[in-house]
Amino acid sequence: MNRREFLKTMFAAGAFAPFARLSAVTGLGALPEAIRSAGKVDRRRYKNTGTTLPMLGFGMMRLPRLSDGSIDEKTASEMVDKALKCGLNHFDTAHMYHKGESEKFVGKVLSRYPRESFTLSSKMPWYARTPEGVEKIFQEQLTRCKTPYFDFYLIHSLGKRNWATAQRLKTYEFLERMKKEGRIRHLGFSFHDKPEVLKEIVKAKKWDFALIQVNALDWKNYRSKEQYEILTENGIPAFVMEPLRGGSLVRLGKHAETILKNSNKEASVASWMFRYVGSLPNVLCVFSGMSRMEHLEENIKTFTDFKPLTPEERTTLALAIGSYEKGLAVPCTACRYCLPCPAGVRIPAIFSIYNEYKLQGNRAEFLAKMKALPEGSGPEECVNCGKCMKHCPQHIRIPEELKKIREDFAKG
């Protein structure tokens, strides 16, 4: 995408129209006084109700880990406490995050606070296979999260295939019943497919909100612009996932990062990306998976007294993204839905190593990191079974990419 195309797609959607500060609602409503007085993160109102959400949501998908891969509960708990004190009081989890441990952690850490002091979202996974299974998973989630209700609940990762399954299982009908019983406050879905499929889903049912992938790279490439417009035209508030594309958009390469630094020496690359997404008027909340306290603190700073991108900054970001796009090898967000690989291949790690090599150009480092992969986990182990592709929300042709990397590595 060149600079002209980048700017054209942004302006065509009105993505950066003059931003009304009235859409950012300050004050934390039901939060206890001790937390409310320290609140900082800007908030936006849910439709025409008294419900407001922080512009930044705490995604519980990439929590800090210990050496054995389990959640570092001490550090993660400190991050949750910090978030609440700064007004970041929306938490998003899912049944499969951290192999099922995310919801349990959420229940443990948030049960220390009054239920009305935070909002919580979780999701019905695509691997439910029977109506009874749908109900069992939902009840299990309430128990794990130690909550009598979810403020926002989603049917997870809808696309053509998963939507057909959800219709067959009458997942929406069950969740609508849970909503009437007070166990769900707002019902929506997360989406990974083409805009044409999104139109079908939007028209099929009454939705309170939807979660879509939006970032500075995918606005055109992933057709996020069209998805955003479909939701906006239908009066459906948008939640946003992957604003940093799994962290890949904070490593743009030397040339792109220099462009941004020359414009603002103090601003981090991540802040540019968050401001891009937050400048969209119909975005209610931006989810970020944060694994370090410094990431949390920096993101809170970005969304405190939030400032949309100026026209000059939009031009600068367009140049940086254009530079980054030229060097991008594999559009992986490290969501890990492709794992476990039946052959043991460490797919996200390999793609990360290769992308870094293509951006930075350090072949010696690329070769060293590839050699350091645990035995039996490299790209040469791929058996082309295709199982990973069924779950990749980015629709990456994973076996083909692994073959390309394997051949590049073999050159030495």
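Numerical summary
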{"item": "Members of region 296-314 that are among the charged types (D, E, K, R), crowded, with 17+ Cβ neighbours inside 10 Å and closer than 13 Å to Ala267 by Cβ", "result": "Glu313"}
{"item": "Close pairs (8 angstrom Cβ cut-off, 6 or more residues apart or separate chains): assigned to a helix (DSSP H, G or I) in region 84-106, among the charged types (D, E, K, R) and surrounded by fewer than 24 Cβ atoms within 10 Å (Cβ to Cβ) anywhere", "result": "Gly100/Arg144; Glu103/Arg144; Lys104/Arg144; Phe105/Glu73; Val106/Arg144"}
{"item": "Residues located in region 384-398, provided they are of a type outside the set (Gly, Ala, Ser) and over 17 Å from Ser157 (Cβ atoms)", "result": "Asn384, Cys385, Arg397"}
{"item": "Out of Ala320, Ala334, sole residue that is part of a helix (DSSP H, G or I) and either of a type outside the set (S, T, N, Q) or assigned by TED's automatic domain parsing to the domain that holds Tyr276 (or both)", "result": "Ala320"}
{"item": "Filtered residues of region 201-253 (kept if under 19 Å from Ile184 (Cβ atoms), within 17 Å of the chain's Cα centre (by Cα) and not small (Gly, Ala, Ser))", "result": "Phe209, Leu211, Pro237, Phe239"}
{"item": "Unmet requirement for Ser70, which otherwise passes all of (1) within 20 Å of Tyr337 (Cα to Cα); (2) of a type in the set (S, T, N, Q); (3) surrounded by 14 or more Cβ atoms within 10 Å (Cβ to Cβ)", "result": "(3)"}
{"item": "Residue match in region 47-64 (condition: surrounded by fewer than 16 Cβ atoms within 10 Å (Cβ to Cβ) and among the hydrophobic types (A, V, I, L, M, F, W, C))", "result": "no"}
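Rundown of residues vs (1) at pLDDT 95 or above; (2) crowded, with 23+ Cβ neighbours inside 10 Å; (3) not assigned by TED's automatic domain parsing to the domain that holds Thr304, yes/no style:
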| site | (1), (2), (3) |
| --- | --- |
| Val202 | yes, no, no |
| Ser248 | no, yes, no |
| Arg251 | no, no, no |
| Lys265 | yes, no, no |
| Val283 | yes, yes, no |
| Ser291 | yes, no, no |
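The values are calculated or read from the model by the stated rules, or taken from the named source; none is laboratory data. Just so it is clear, the structure is predicted and the values come from calculations on it, not from any experiment. Note that each Cβ is placed from the backbone with ideal geometry, even for glycine, and that neighbours are counted across all protein chains shown.
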